[in-house]
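To keep things clear, I will list the structure first and then write my remarks on it.
Just so you know, all these numbers are worked out from the coordinates, no wet-lab data involved. Small disclaimer: the values here were computed from a predicted structure and weren't measured. Note that each Cβ is placed from the backbone with ideal geometry, even for glycine, and that neighbours are counted across all protein chains shown.
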Amino acid sequence: MNLPENFVRRMKELLGNEYEDFLASYDEPRHYGLRVNTSKISCEEFEKICPFEIKKIPWIPNGYYYNGEDQPAKHPYYHAGLYYLQEPSAMTPASRLPVEPGEAVLDLCAAPGGKATELGVKLAGSGVLVANDISNSRAKALLKNIELFGISNPFVVSENPSKLAGYFEGYFDKILLDAPCSGEGMFRKDPAVMKSYEQNGVDFYAKLQREIIIPAVRMLKPGGMMLYSTCTFSPEEDEQAVLYLLDNCPDMELVDMEDYEGFGRGIPGADINIKKCVRIWPHKMGGEGHFLALLRKKAPYEKEAGIKTVGVSYADNNSDSRMMTGTFEEGYNNIGNNIKKNTLKKYQKNNKNINKKNASSEASGIDNFFEFAKALDRDIDNDRLELQGERLFLMPEGMQGLKGLRFLRNGLFLGSCLKGRFEPSQALAMAIGRGEYKNTVSFPADDERVTRYLKGETITLNENETVSKGWNLICVDGFPLGWCKANGRTLKNKYHSGWRLM
């Protein structure tokens with residue numbers, strides 16, 4: 001591989017005697033990895049049904065190597081959200097951030113979703129996952145992967161980190177900052193990265209990282225933890241970025257993370273604590289280059305300890321900023337009821353929040369949702385239901401009432417409440433577990449009708465196959481793929497048009 005000259009020079013200085021072994025790793029084939037979605041299937045069961053050869057990634061509990069020629073993205077299990085394709089080293093940050101169910105978690109630079117989906121699985125449907133990417137187009141891909149994985153408590157947003165910090169001061173229990181970087185660690189995986197590296201260089205990304213780090217720390221609550229990571233080797237973007245954080249945020253400290261035999265240590269320089277950072281080297285591990293640092297915010301926080309703020313800001317530079325601050329609960333009480341079109345629990349009690357003009361259609365649509373939900377073996381918290389126009393959402397815990405942010409999704413989109421009927425969403429289909437919906441049609445993975453369904457075609461059942469009339473969940477080996485509407489032996493395809501195979 002023809003590596004950039006300045007990169008070669010820097011790596012010789014950085015690695016010394018190890019440089020030749022490092023250089024030789026570029027002549028070896030790249031590693032392919034997948035991460036099992038343990039909210040849908042256990043690793044043990046996946047190993048039994050996996051249709052291609054896999055081998056455990058030793059430092060990732062639910063990670064596996066696979067042969068790139070197998071093309072697992074084309075298998076129906078991928079479309080059922082059973083696994084995510086991800087470079088092995090890139091699985092490490094989410095695996096080393098100790099997320100617990102019920103926490104508020106932020107993935108600040110989340111697209112395309114490899115790390116965010118794992119964080120969402122760890123939350124197990126409780127708490128909230130805020131997944132942000134400043135690029136709206138990349139955030140759309142992020143949303144699809146989150147919905148494909150069946151994450152039911154997302155807030156997918158596309159904002160500048162500084163603006164987010166104005167809304168979520170001291171709010172999150174855990175934050176993952178996989179910072180934009182020069183990508184030196186990905187040259188073997190994707191040689192095209194070298195072009196961007198040569199155009200921008202290390203200094204460009206080092207400056208960008210310093211602009212992101214401080215707003216990230218502002219959003220972390222006292223006692224909370226943040227994992228900073230990059231896929232590059234340059235100390236300017238790695239250890240020096242961490243030192244910049246520590247110098248400017250004295251309430252932050254480096255902590256040890258779960259170790260593995262092949263991990264390298266951070267390059268200490270003047271601060272011996274930097275050795276708590278982790279470097280993943282391609283000549284020592286079965287993966288590409290990565291850097292990780294796990295940090296904790298000491299308690300008490302020096303400014304406004306424990307306050308969670310909800311704000312409405314209309315300008316990043318605050319020149320026309322109308323902020324609403326206070327505790328999260330206070331902010332919710334102040335603005336939440338003004339933007340909620342309906343909460344179904346209140347609807348069931350007294351109908352007070354139904355728009356008079358559209359009362360009959362809204363009531364009819366809501367009634368049909370409750371009728372639909374009788375076939376769903378899943379508890380739904382009515383306090384978290386919100387009707388926005390015709391679209392019904394299950395909101396994440398504590399996330400009602402936010403506005404002023406550019407977001408793509410707040411909560412699980414359940415479906416559309418229309419006059420006389422309820423139409424369930426693709427996101428709901430993917431969030432339903434095996435056996436949670438009464439009316440299902442399941443085909444084996446090698447049945448050609450699975451591929452036809454994923455292409456959006458109408459499906460016809462065989463004479464010996466039966467189905468309930470109305471909404472049915474199409475599954476592959478019991479794992480949901482999407483909806484159909486049955487009439488006799490004909491299944492009208494309701495698979496999401498934007499997800500269909502070409």
Alpha-carbon Debye profile of the chain, log10 I(q)/I(0) at 0.05, 0.07, 0.11 Å⁻¹: -0.21, -0.42, -0.99
Separation of alpha-carbon centers, segment 199-251 and segment 51-88, rounded to whole Å: 31
Helix 136-148 axis, angle to the chain major axis (alpha carbon atoms, nearest 10°): 60
Per residue, the convex hull volume that the Cα atoms of segment 110-150 enclose (Å³): 50
Rg(Cα) / (2.2 N^0.38 Å) computed for segment 94-297, rounded to two decimals: 0.97
Share of Cα-Cα pairs in segment 206-280 lying beyond 22 Å, as whole percent: 19
Antiparallel %, DSSP beta bridges [both residues in segment 94-297], to 5: 45
Whole-number percent relative contact order across the chain, with pairs defined as alpha carbons under 8 Å at least 6 apart: 13
Mean separation of Cα contacts under 8 Å, 6 or more apart, over the residue count of segment 94-297: relative contact order %: 19
Of all DSSP beta bridges in the chain, antiparallel share, percent nearest 5: 70
Helix 359-373 vs. the chain, principal-axis angle (Cα, 0 to 90°, nearest 10): 70
Normalised contact order of segment 439-499, rounded percent, pairs of Cα under 8 Å and 6 or more residues apart: 37
Ascending count of other beta-carbon atoms within 10 Å, so fewest first, for Met194, Met285: Met194, Met285
For segment 1-151, the fraction of alpha-carbon pairs in successive 5 Å shells from zero, as %: 2, 9, 16, 18, 17, 13, 12, 8, 6, 1
About the Cα centre, charge dipole magnitude for segment 94-297 (Lys/Arg +1, Asp/Glu -1 at Cβ), debye: 300
Size-normalised alpha-carbon gyration radius of segment 448-489, reference 2.2 N^0.38 Å: 1.09
